[in-house]
Amino acid sequence: MSDADSENSETQLWLDFALACHYIDNTKREELQLKSEEIGRLLNYMINNPDKFGLK
């Protein structure tokens, strides 16, 4: 889970690069950023509550 969280953080960095290089516009970046933030919240919940997901 921590690896997935790290990869999600890296994705946010790449969104900044994609915007700076004009591969995406700001609207698309914001849309993807919000999705990435939601994924981060879900991963954080899973990391903090492993027993709810069959992990210990």
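The values are calculated or read from the model by the stated rules, or taken from the named source; none is laboratory data. From a predicted model like this one, the values you see are computed outputs, not experimental measurements. Positions of Cβ are generated from backbone atoms using ideal geometry, with glycine treated the same way; all protein chains shown enter the neighbour counts.
Details
- Looking across the stretch 1-31, the residues that are aliphatic (A, V, I, L, M) and farther than 30 Å from P50 by Cβ come down to A18, L19, A20, I24.
- Qualifying residues in the stretch 26-56 (those that are without any contact (Cβ under 8 Å) to a residue 24 or more places away in the chain and among the hydroxyl-bearing types (S, T, Y)) - the one nearest to A4 (Cα to Cα): Y45
- Test: residue in the stretch 11-28 that is exposed (fewer than 13 other Cβ atoms within 10 Å of the Cβ), modelled with pLDDT under 95 and among the acidic types (D, E): no
- Among the residues of the stretch 39-55, some residue qualifies, meaning at least one is assigned to a helix (DSSP H, G or I), surrounded by fewer than 12 Cβ atoms within 10 Å (Cβ to Cβ) and basic (K, R).
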